[in-house]
Amino acid sequence: MDTEISGIVCMFVATLVISFPLGRYIAKVYEGQRTLLDPVFNPVEKFLYRISGIHISREMNWKQQMAAMLTINMIWFLLGMFILMNQSWLPLNPDHNPGQSPDLAFNTAISFITNCNLQDYSGETGVSYLSQLYLMFLHFASAATGMAAAAAVFNGLKSSTTDKLGNFYNYFIKSITRILLPVSFIIAILFVFNGMPMTFLGKDTLTSLQGAIMHISRGPVAGYVAIKHLGTNGGGFFNANSAHPFENPDYFTNMVEMIAQMIIPFAMVFALGFYLKRKKLAYVIFAVMTLGFLLLVIPNISMETKGNPAIAAMGINTSAGNMEGKEVRFGAAASGYWSIATTVISTGSVNSMHDSFMPLSGMNMMLAMMVNCFYGGVGVGFLNFFVFIILAVFIGGLMVGRTPEFLGKKIEAREMKIALIVALLHPFLILTGTALASYIYVQDPSAYAAWLNNPGFHGFSEMLYQYASTTANNGSSFAGLGATTPWWNISTGFVLLFSRYLPIIGPVAIAGSLAAKKYTPESAGTLKPDTATFGLMTFAVIFIITALSFFPSLALGPIAEYFTFH
Amino acid sequence: MKSSLIPAVRLTIVLILLLSGVYNLVIFGIAQIAPNHGKGEIVMYNGKVYYSNIGQSFTEDKYFWSRPSAVNYNAAGSGGSNMSPFNKDYLKTVQARIDTFLVHDPGIKKQDIPVGLVTASGSGLDPDLSPAGALIQVPRIARVRHLPENQVRALVHANIQRPLFGLFGPAKVNVLKLNIALDKLSLK
């Protein structure tokens with residue numbers, strides 16, 4: 001087999017092999033069962049609880065959970081604004097980078113508390129090491145926020161009847177101490193020994209072999225990149241993200257980064273199965289997600305390895321594929337694989353420049369973010385899928401003429417309303433944002449010329465991609481978009497706030513409402529969610545909502561661009 | 001929300017100490033036993049230090065050229081061109097690179113020029129070429145440096161890094177290391 005293809009297969013299989021036992025472990029952590037490393041973690045956690053005055057035995061209902069979540073997120077935001085705007089005089093700034101402007105700091109702080117990591121700045125010049133360290137804290141904290149919300153939903157789906165969903169701080173802290181921190185640590189060690197810097201020295205200056213002066217940015221990269229991927233955050237230490245040779249030195253680190261970003265989204269699905277003792281349900285969900293993933297990733301690998309027909313027409317050898325924006329050490333195939341992996345889950349890190357992908361590859365990346373639940377980001381990916389399950393249960397229930405129910409709890413008007421709002425909010429934010437930006441642009445294309453790096457249909461795609469990425473809390477870009485302007489900083493900042501918190505609050509509210517209902521045991525007439533039929537039903541719901549919402553905009557962008565050459 | 005404010009502030013402070021502080025310090029400590037103490041892997045030549053992972057601009061005929069870079073190998077401001085595949089200006093740039101290559105390497109067949117040599121990388125710092133990208137430059141190097149072609153070709157082959165474990169990913173050639181080896185060869 002071609003070594004580029006075998007590399008991809010190896011990455012996928014390794015992810016699967018690691019995430020299954022990890023899922024069992026995560027379920028144990030949230031159930032509060034004993035695990036092997038209790039003697040290490042228990043004292044650390046007790047210390048954290050005591051210092052912060054938290055009583056984890058105090059169970060919370062869904063509203064208390066969300067209040068706790070929003071409060072602590074707000075503190076992170078304010079602190080982030082302060083550090084980013086004042087980094088110029090704060091310590092750990094060896095390269096003397098300036099403080100961020102208020103609108104840029106607003107965007108950056110929101111983008112990192114929401115696990116999106118849209119970056120309207122360049123890592124080399126836009127942040128100090130102190131800011132990088134704080135952003136690293138947000139990598140952990142925002143990932144654990146999503147995981148804690150998913151744990152609350154798991155809890156709400158149990159068969160017992162209660163209005164309590166566990167304790168937010170308990171889930172949050174344990175997600176960090178027992179899952180994110182130890183795994184990141186192992187990954188960072190692998191990186192340190194494979195060419196990734198971990199230093200607090202500033203830029204180095206040298207003369208190249210050919211005689212040019214070079215300045216070389218460095219920093220505490222290894223620790224940053226480990227949690228950047230494990231927590232599906234994706235914000236790069238350097239501007240070029242994981243295409244930068246210090247942020248991704250070779251094919252081995254590329255595999256580790258790829259596996260690291262997918263294991264928790266995979267594992268959360270398995271964790272659901274272990275937690276609820278409904279493994280078959282987890283397998284059905286996983287199968288639907290994998291089907292969606294493969295439908296997007298296989299075409300991308302194929303299109304990128306085939307290369308750019310416009311360059312092939314010049315008569316050179318394009319057998320290496322579409323290499324614009326790609327690195328030799330990864331090749332076109334692994335870059336194509338990464339492009340979809342990073343967009344189905346909400347990482348948004350890149351090992352090649354998405355703006356230079358073939359038009360339909362770009363479309364698939366946007367579709368991945370428009371669906372936003374094939375695996376999805378840590379914790380929140382499952383929450384998004386859960387919304388589609390509720391919709392599928394309701395439609396399925398109507399089709400067979402029974403009261404819709406999920407796991408023994410009735411789905412009623414209240415749950416449906418919440419699910420629909422969350423499901424429709426997603427296209428609403430993407431399309432409204434793109435429409436407003438397009439409107440502003442066409443008012444005076446010369447004034448806003450710096451927005452778009454490419455003319456015509458692709459320029460539209462750059463704007464559509466930006467809002468899809470923002471709304472999916474993804475953070476990758478068609479980076480030709482000149483996004484360091486007040487319009488983009490502020491508009492995407494607000495889109496982020498809505499698209500992060502409502503899709504967390506909605507599913508937790510549904511779970512809270514379901515948890516309080518009476519449990520009805522399954523009978524012959526129950527619509528069983530752990531069957532292939534129901535899986536296909538869910539897939540169909542996702543497909544129809546996505547196609548109806550987004551086909552027109554995709555036709556104006558990537559599809560039109562495709563036909564300019566073919 | 002008020003009741004959760006104090007615990008949230010305290011928890012935030014102590015977690016910052018743990019995650020921004022302790023976590024990084026421990027990794028930093030371990031990095032001290034890593035290659036070059038975690039300051040980036042280096043190669044030494046003629047008493048000078050170079051970063052082996054950071055690509056350099058090579059445009060002179062006596063060196064193997066590195067790939068085009070959208071940021072001119074600025075390692076303090078990485079990035080790609082972000083050109084879309086059918087952008088007319090972009091396609092003109094690629095055509096110009098092909099023409100330049102053919103001027104400097106007469107006798108090369110156009111259909112042998114590998115695409116990597118005329119397209120910019122994602123980071124603008126790509127340290128590598130594909131084996132084909134290095135081999136096609138052998139006749140020029142041999143001519144300019146007055147070396148036998150097969151000797152230069154053997155040098156390229158000796159510098160090809162095989163896929164990971166021989167199984168995963170593409171083969172590649174580190175341009176900086178290859179050019180250092182080339183300078184050494186010329187000195188002999």
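Observations, loosely collected:
- Inter-centroid distance (Cα atoms) of region A:422-483 relative to region A:495-566, Å: 23
- Seen against the Cα atoms of chain A and their longest principal axis, helix A:3-31 is set at about 40 degrees.
- Residue exposure sequence - A:CYS373, A:CYS10, A:CYS116 - by fewest surrounding Cβ within 10 Å: A:CYS10, A:CYS373, A:CYS116
- Sorted by Cβ neighbour density within 10 Å, fewest at the top, the residues A:ILE542, A:ILE213, A:ILE504: A:ILE213, A:ILE542, A:ILE504
- Summed residue charge, Cβ within 13 Å of A:ARG218's Cβ, Lys/Arg positive, Asp/Glu negative: -3
- Folded to 0 to 90 degrees: helix A:486-515 orientation relative to chain A principal axis, Cα: 20
- Estimated inter-spin distance, A:TYR283 and A:LEU502, nm [label 7 Å along Cα→Cβ]: 3.8
- Alpha-carbon centroid distance for the pair region B:3-25 / region A:386-415, whole angstrom: 41
- Taking 14 Å as the cut-off, the amide N atoms of region A:511-526 that come nearer than this to a point 7 Å along the Cα-to-beta-carbon line of A:LYS410 belong to A:514-521.
- Here the spin labels are modelled as points 7 Å beyond Cα on the Cα-Cβ line, and at B:VAL26 and A:VAL442 they lie 5.6 nm apart.
- Each Lys or Arg adds one and each Asp or Glu takes one away; over the other residues whose Cβ falls under 12 Å from the Cβ of A:TYR129, this sums to 0.
- Note on chain B: Lys pairs 8 or more places apart or on different chains, Cα atoms under 24 Å apart, count 20.
- Efficiency of FRET between A:SER57 and A:PHE428 - r from beta-carbon atoms, R0 51 angstrom, step 0.05: 0.80
- Between 0 and 90 degrees, the angle of helix A:380-400 with respect to the longest Cα principal axis of chain A falls at about 50 degrees.
- Spin-label model, B:LYS92/B:LEU167: points 7 Å from Cα along the beta carbon direction are separated by 4.9 nm.
- Extension gain from A:LEU16 to A:LEU36, taking 0.36 nm per residue of separation minus the Cα-Cα distance: 5.0 nm
- Counted by Cβ distance under 13 Å from A:SER361, the other residues give a net charge of -2, where Lys and Arg count +1 and Asp and Glu count -1.
- FRET efficiency, A:ALA313 to B:ASN36 (Cβ-Cβ, R0 45 Å, nearest 0.05): 0.50
- Annotation: aspartates and glutamates with alpha-carbon distance below 17 angstrom to A:LYS203 (same-chain offsets under eight excluded): A:ASP95, A:GLU124, A:GLU247, B:GLU41.
- Across region A:409-418, rounded Karplus estimates of 3J(HN,Hα) from the backbone phi angles (6.51 cos²θ - 1.76 cosθ + 1.60, θ = phi - 60°) give 10, 5, 9, 10, 4, 4, 5, 4, 4, 4 Hz, Gly and Pro being marked x.
- By other beta-carbon atoms within 10 Å, ranking B:ASP128, A:ASP530 with the fewest at the front produces A:ASP530, B:ASP128.
- Diffusion coefficient, µm² s⁻¹, Stokes-Einstein with Kirkwood Rh over alpha-carbon pairs of the protein assembly as shown at 20 °C and 1.002 mPa s: 81
- Here the extension length gained between A:TRP89 and A:HIS215 equals 43.1 nm, from 0.36 nm per residue of separation less the Cα-Cα distance.
- Ordering of B:4-15, A:186-197, A:218-229 by packing is A:218-229, A:186-197, B:4-15, highest average first (other Cβ atoms within 10 Å, averaged per residue).
Every number in this text was worked out from the coordinates using simple rules, so none of it is lab data. Just so it is clear, the structure is predicted and the values come from calculations on it, not from any experiment. Neighbour counts are summed over all protein chains in view; Cβ atoms, including those assigned to glycine, are modelled from backbone coordinates with ideal geometry.
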